[in-house]
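These notes concern the structure reproduced below.
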Amino acid sequence: MDISIHSSFLPHDDPDASLAFYRDVLGFEVRDDVGYDGMRWITVGPAGQPGTSIVLQPPNADPGVTEEERRTIAEMMAKGTYAGILLATADLDGVFERLQAGDAEIVQEPIDQPFGVRDCAVRDPAGNLIRIQQRR
């Protein structure tokens with residue numbers, strides 16, 4: 001069976017701040033930027049990997065989400081416990097320097113993990129946890 005991940009979704013509460021983080025700090029390409037009804041979906045992805053994307057979406061876009069659920073989502077985003085993603089790189093130290101220079105919120109500096117990777121963790125402007133790993 002040939003299945004791959006095409007897109008993952010992360011919420012944003014400030015599309016311009018999220019765009020600046022993913023484009024300017026992480027160096028991702030902007031693949032799409034669509035607005036509708038006062039909301040904005042931004043698709044970004046690593047250069048040279050057109051089949052892999054992250055869609056930054058408004059967390060309240062689903063019409064099935066209740067007001068109480070929207071409040072819960074907003075609270076979890078503010079705490080940084082709502083969503084996250086795991087990225088990989090061949091140059092963790094270089095990526096980490098770029099994150100520091102871009103004023104990313106550092107959660108964990110690069111460290112060797114006992115399960116065979118070296119990784120770090122940051123939060124994007126919406127509070128999403130981003131772990132970045134490099135195989136040892």
Of the residues that make up the stretch 105-116, is at least one in a loop (DSSP other than H, G, I, E, B), modelled with pLDDT of 95 or more, charged (D, E, K, R) and open to solvent by 60 Å² or more (accessible area, probe 1.4 Å)? no
Would you check which residues across the stretch 31-64 are part of a strand (DSSP E or B), surrounded by 13 or more Cβ atoms within 10 Å (Cβ to Cβ) and more than 17 Å from the chain's Cα centre (by Cα) and list them? Met39
So Arg31, is it basic (Lys, Arg) and touching a Gly at 6+ places or on another chain (Cβ under 9 Å): yes
Mind checking whether some residue in the stretch 2-11 is touching a Leu at 6+ places or on another chain (Cβ under 6 Å) and modelled with pLDDT of 95 or more? yes
Just checking, does the stretch 73-89 include any residue being part of a loop (DSSP other than H, G, I, E, B), out of contact with any Pro (no Cβ under 9 Å at 6 or more places or on another chain) and at pLDDT 95 or above? yes
Quick test for you: out of Pro59, Pro15, pick the one residue that is modelled with pLDDT under 95 and not acidic (Asp, Glu). Pro59
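The values are calculated or read from the model by the stated rules, or taken from the named source; none is laboratory data. Please read these numbers as outputs of a predicted model, since none were measured by experiment. When we count neighbours, we look across all protein chains shown, and the Cβ atoms used for this are built from the backbone with ideal geometry, even at glycine. For the accessible areas, the whole protein counts, side chains as well, though only heavy atoms, and no ligand, DNA or RNA atoms are used. Shrake-Rupley method; radii C 1.70, N 1.55, O 1.52, S 1.80 Å.
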